[in-house]
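As structure tokens, the structure follows; a few thoughts come after it.
The values are calculated or read from the model by the stated rules, or taken from the named source; none is laboratory data. Everything quoted here is computed from the prediction, not taken from an experiment. Here the Cβ positions follow ideal geometry from the backbone for every residue, glycine too, while neighbour counts run over all protein chains shown.
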Amino acid sequence: MGREGSVVEVSGLTHDYGEVVALKDLDLTVPAGVTGLVGANGAGKTTLLRVLLGLIHPTEGRVAVLGHDPETEPLEVRSKIGYMPEVESLPVDQTAADFVAYTAQLAGIPPREAKRRSSETLFLVGLAEERFRYIGDFSTGMRQRVKLAQAIVHDPDLVLLDEPASGLDPEGRQQMLELIRRLRGFGIDVIVSSHVLTDIEQTCDWVVMLDGGTLLRSGPLDGFDSTGTVRVEVLENADMVAGLLRDRGLGVVAEGPRLVVGPGEALETAIIEATAVARSGLVRMTRGTASLEDLFLGEER
């Protein structure tokens, strides 16, 4: 199920659009499995995916995708990967079956086999009955499924998904996340880009955090909360309490009088001492686990 080792290796990667630096001196190794690429809009996620595809080239640095350089070996890379773009890119005057079969042929699959794979893949993504309808008549959720189908119809080793749940309602979002989880069972490694951190928590094994084109953090999802956090609500002077805790080297996410502190050691003692110095009081204090959003916000600070 999938490959061992890394699927992407990046060293000193910088890419700029003139004066705008989208990626800056990025060093990164992405292992096999399902990896979440997270960050706010403009963090550099889409630029990184385009570099991995070979659609744009690094200003500086080196990139390897499945052991190949996308700049000097573009055909080797593209024959082994699939790509689901965020932007609207589907032909409205074709049926889903014809379009997905066409993309399979572009990957070198003979016409008869391409038609068979198109039907099987559209069945997999939940469009068996709708596959002969025109894409222009599809809902947003159905179009997203077609984009996923064309990305996997040629049985790639790695698939890059750019905001796959974008524009979907809650039910459609959950269905898309379930499809992404199912890709593991087909031996397909995945890099999924999203600014919705709860989506990453539900689907991924590994997380890469980007902010302003730089790497904040990279590691296994279950390792992002190894020591836990403490959630606390204080009576007053919350900003002072947060500042005292940060002076101790602790991460603090603050929203009004409520704080998420940690991870770290002896958190309760540190919080009690900080509230005493700030002449505040504790309303409540509970042990918990940090969400990916808590940790991301803490890294940004």
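Got a number for residues in region 108-158 being among the aliphatic types (A, V, I, L, M), part of a helix (DSSP H, G or I) and within 23 Å of the chain's Cα centre (by Cα)? Break it down stepwise before answering.
If we filter region 108-158 for residues that are among the aliphatic types (A, V, I, L, M), which is where we start, we get 109, 114, 122, 124-125, 127-128, 135, 142, 146, 148-149, 151-153, 158.
Next cut, part of a helix (DSSP H, G or I) only: 114, 122, 124, 135, 142, 146, 148-149, 151-152.
Retained after the next criterion (residues that are within 23 Å of the chain's Cα centre (by Cα)): 124, 142, 146, 148-149, 151-152.
Here the count works out to 7.
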Quiz item: Any chance region 20-28 includes a residue that's of a type in the set (Val, Ile, Thr) and out of contact with any Asp or Glu (no Cβ under 9 Å at 6 or more places or on another chain)?
Solution: yes
Practice problem: Answer yes if at least one residue in region 147-156 is at pLDDT below 95, polar (S, T, N, Q) and assigned by TED's automatic domain parsing to the domain that holds GLY36, and no otherwise. | Solution: no
Practice problem: Determine, yes or no, whether PHE99 is within 22 Å of LEU183 (Cα to Cα) and among the aromatic types (Phe, Trp, Tyr). | Solution: yes
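Would you mind stating whether PRO170 is modelled with pLDDT of 95 or more, surrounded by fewer than 20 Cβ atoms within 10 Å (Cβ to Cβ) and not charged (D, E, K, R)?
Working: modelled with pLDDT of 95 or more: no; surrounded by fewer than 20 Cβ atoms within 10 Å (Cβ to Cβ): yes; not charged (D, E, K, R): yes.
Here the answer is no, as PRO170 does not meet what is asked.
Residue by residue, here is whether (1) farther than 22 Å from ILE188 by Cα; (2) in contact with a Lys or Arg (Cβ under 9 Å, 6 or more places away or on another chain); (3) acidic (Asp, Glu) holds:
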position: LYS45; (1), (2), (3): no, no, no
position: SER119; (1), (2), (3): no, yes, no
position: LEU122; (1), (2), (3): no, yes, no
position: THR140; (1), (2), (3): yes, no, no
Self-check item: Yes/no for VAL8 being under 21 Å from VAL159 (Cβ atoms), within 17 Å of the chain's Cα centre (by Cα) and loosely packed, with under 15 Cβ neighbours inside 10 Å
Solution: no
Practice problem: Could you check, for region 40-52, whether at least one of its residues is of a type in the set (Lys, Arg), under 20 Å from the mean Cα position of the chain (by Cα) and closer than 30 Å to ILE109 by Cα? | Solution: yes
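Matching residues to (1) outside the structural domain of ASP27 (by TED's automatic domain parsing); (2) over 27 Å from GLN174 (Cβ atoms); (3) among the aromatic types (Phe, Trp, Tyr):
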| position | (1), (2), (3) |
| --- | --- |
| GLN202 | no, no, no |
| THR214 | no, yes, no |
| VAL241 | yes, yes, no |
| GLY251 | yes, yes, no |
| GLY256 | yes, yes, no |
| VAL261 | yes, yes, no |
| ILE271 | yes, yes, no |
Practice problem: Count, please, the residues in region 105-131 that happen to be farther than 16 Å from GLN144 by Cβ and either in contact (Cβ under 8 Å) with a residue 60 or more places away in the chain or acidic (Asp, Glu) (or both). | Solution: 3
Practice problem: Filter region 15-74 down to residues that are without any contact (Cβ under 8 Å) to a residue 12 or more places away in the chain, part of a loop (DSSP other than H, G, I, E, B) and in contact with a helix residue (DSSP H, G or I) (Cβ under 9 Å, 6 or more places away or on another chain) and give me whichever is surrounded by the most Cβ atoms within 10 Å (Cβ to Cβ). | Solution: ASP69
Exercise. Mind listing whichever residues of region 254-272 are without any contact (Cβ under 8 Å) to a residue 24 or more places away in the chain and outside any loop (DSSP other than H, G, I, E, B)?
Key: ALA254, GLU255, THR269, ILE272
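Matching residues to (1) crowded, with 22+ Cβ neighbours inside 10 Å; (2) closer than 23 Å to THR46 by Cα; (3) among the charged types (D, E, K, R):
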position	(1), (2), (3)
ASP98	no, no, yes
TYR102	no, no, no
VAL146	yes, yes, no
ASP155	no, yes, yes
PRO164	yes, yes, no
Quiz item: What are the pairs, 6+ residues apart or on separate chains, where a residue within region 93-104 that is closer than 14 Å to MET142 by Cα has its Cβ under 9 Å from a residue that is outside any helix (DSSP H, G or I) and β-branched (Val, Ile, Thr)?
Solution: VAL100/VAL153
Practice problem: May I ask you to verify whether GLU201 is among the acidic types (Asp, Glu), surrounded by 18 or more Cβ atoms within 10 Å (Cβ to Cβ) and modelled with pLDDT under 95? | Solution: no
